[in-house]
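The values are calculated or read from the model by the stated rules, or taken from the named source; none is laboratory data. Bear in mind the structure is a predicted one, so any value in this text is a computation, not a measurement. Backbone-built Cβ (ideal geometry, glycine too); neighbour counts: all protein chains shown. Surface accessibility is based on the protein's heavy atoms, side chains included, excluding ligands, DNA and RNA. Shrake-Rupley method; radii C 1.70, N 1.55, O 1.52, S 1.80 Å.
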Amino acid sequence: YSLGIVLYHMVTGQVPFSATTPVAAAMKHVSEMPRDPRELRPDCPEWLASIILRALAKEPVERFGTAQEMAGALRNARPVTPPTIQVPAASGTAPAPTAASTDLPSGPQATRLEPQPQERTRDTSSDTRRTAAIMGVVGAIALTVCLVAAAAYVRSQKGVGSFSSGGGLAPPPHQYRVTVPDVVGLSASQAETKLDGEGFSVDYDYAYSDQYPQGRIIRQVPYAGSSLEAGAIVQLTKSKGPEPTFIHGLRVSASSFLENRPKYAPSRAVDGHRETTWAEGADGSGIGEWIRVALPRLYVITRVELVPGFDKEEADKWGDRWWRNNRLAVADISFEDGRIVRAHYDTSGRSFQGTDIEPPAHSRWVRITIAEIERGTHHDDTCICEIRIVGYPDVP
């Protein structure tokens, strides 16, 4: 019943029963039928008017039995059976005289029958039912006032649409617009909450930014202060953090290097020349030996690249060093934050091979430990001729 009142107000712009006092309004709920919504709103389709009137039937048995039943009627968009029970006549009206009460004996033997006084009894059960009905209606009005107020507010904000020729409610001719809030600099979750509160949807793209940390909003389209239709999409650009680059200023140490000769020292792995190399100097194949690259500050490390061998060809008797020395097949890459990433290398590839660190590591150093090797044809020394670290400075 209350939903019927709300629908009536939303369609016609009026409540079905109005009066100067709550009691007078309650009496109208009990004793009057509402006007057909089509009298106030001619473009209201018949099916919708019939659903509203059925919801407002005086007798509960003639209303929809469940919310599901009413929802189904709205979805079907077809007329439903209107209420058939009419409002009862007002009490206190004298009954019309009948033949039985007027046909009296006539003739000489007729005896005049004088009406005998009878004790009048009050139908208290009827009064009790009527009082209960009025109190129930007053309670329903209290709930309805809240619902109608909400509907009125929505109506004032969004405007009232017109009914289309197909019977449905068409969008209003001028869809209401909302000012787009400023979400630049907020986290993605904060931005979504703020925009959703204004009725907008969100779509994302991504870009590097030196100004905004990873995950923050760096740009929005339309811009803050723009006027946009409610329900429209606001395009947000989420920061990927600063663009990763090769880190410079590296310092290198190692667990060992070949014969302690400078030409095989750890620094050779970061000198930018692939014809020089770090060669571990332990007995055997070098498994377990490591080289450690220290960074100039705390970095977010996204990738580690290296050339897993000695990429040098000589015209002398030593020939191609790539094949003569051991090559790195598998390495464990560890970081200051405790993470260890296992990397696999193509030992036939004489170029930089990279390992993406996902998610990125936060560290001041990178250590590469030899885990597996591909043996060379002549020498038992494992080589790494170049190392490059990719990342960007970490923001405290």
- prompt: Does residue 73 qualify as being modelled with pLDDT of 90 or more, open to solvent by less than 50 Å² (accessible area, probe 1.4 Å) and in a helix (DSSP H, G or I)?
  reply: no
task: Could you grab me the full set of residues in the stretch 278-304 that are out of contact with any Leu (no Cβ under 6 Å at 6 or more places or on another chain), closer than 16 Å to residue 373 by Cα and of a type outside the set (A, V, I, L, M)?
output: 278, 280, 283, 284, 285, 286, 288, 289, 290
query: Checking residue 212 against (1) in a strand (DSSP E or B); (2) open to solvent by 40 Å² or more (accessible area, probe 1.4 Å), which single condition isn't satisfied?
result: (1)
query: Got a sec? Which strands (runs of 3 or more DSSP E) wholly within the stretch 262-356 have at least 3 residues that are crowded, with 22+ Cβ neighbours inside 10 Å?
result: 290-307, 326-335
Of residues in the stretch 248-261 being touching an Asp or Glu at 6+ places or on another chain (Cβ under 9 Å) and either open to solvent by less than 40 Å² (accessible area, probe 1.4 Å) or of a type in the set (Lys, Arg) (or both), the one modelled with the lowest pLDDT: 258
query: Which one is modelled with the lowest pLDDT, of the residues in the stretch 387-396 that are open to solvent by 40 Å² or more (accessible area, probe 1.4 Å) and not in a strand (DSSP E or B)?
result: 396
- line: For the stretch 357-386 the number of residues that are in a strand (DSSP E or B), surrounded by fewer than 19 Cβ atoms within 10 Å (Cβ to Cβ), out of contact with any Leu (no Cβ under 9 Å at 6 or more places or on another chain) and in contact (Cβ under 8 Å) with a residue 60 or more places away in the chain is 1
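Residue by residue, here is whether (1) farther than 25 Å from residue 342 by Cα; (2) touching a Gly at 6+ places or on another chain (Cβ under 8 Å); (3) of a type in the set (D, E, K, R) holds:
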{"residue": "233", "(1), (2), (3)": "yes, no, no"}
{"residue": "236", "(1), (2), (3)": "yes, no, no"}
{"residue": "239", "(1), (2), (3)": "yes, yes, no"}
{"residue": "257", "(1), (2), (3)": "no, yes, no"}
{"residue": "261", "(1), (2), (3)": "yes, no, yes"}
{"residue": "268", "(1), (2), (3)": "no, no, yes"}
{"residue": "278", "(1), (2), (3)": "no, no, no"}
{"residue": "283", "(1), (2), (3)": "no, no, yes"}
{"residue": "287", "(1), (2), (3)": "no, no, no"}
query: Considering the stretch 4-26 alone, what residues qualify as being of a type in the set (A, V, I, L, M), open to solvent by 70 Å² or more (accessible area, probe 1.4 Å) and over 26 Å from residue 67 (Cα atoms)?
result: 23
- request: Among the candidates 330, 390, single out the residue that is under 40 Å from the mean Cα position of the chain (by Cα) and touching a residue at least 24 places away in the same chain (Cβ under 8 Å).
  value: 390
- prompt: Quick check, is residue 245 surrounded by 19 or more Cβ atoms within 10 Å (Cβ to Cβ) and either within 30 Å of residue 196 (Cβ to Cβ) or out of contact with any Ser or Thr (no Cβ under 9 Å at 6 or more places or on another chain) (or both)?
  reply: no
task: Say whether the condition of being of a type in the set (Val, Ile, Thr) and either at pLDDT below 90 or part of a loop (DSSP other than H, G, I, E, B) (or both) is met by at least one residue in the stretch 232-247.
output: yes
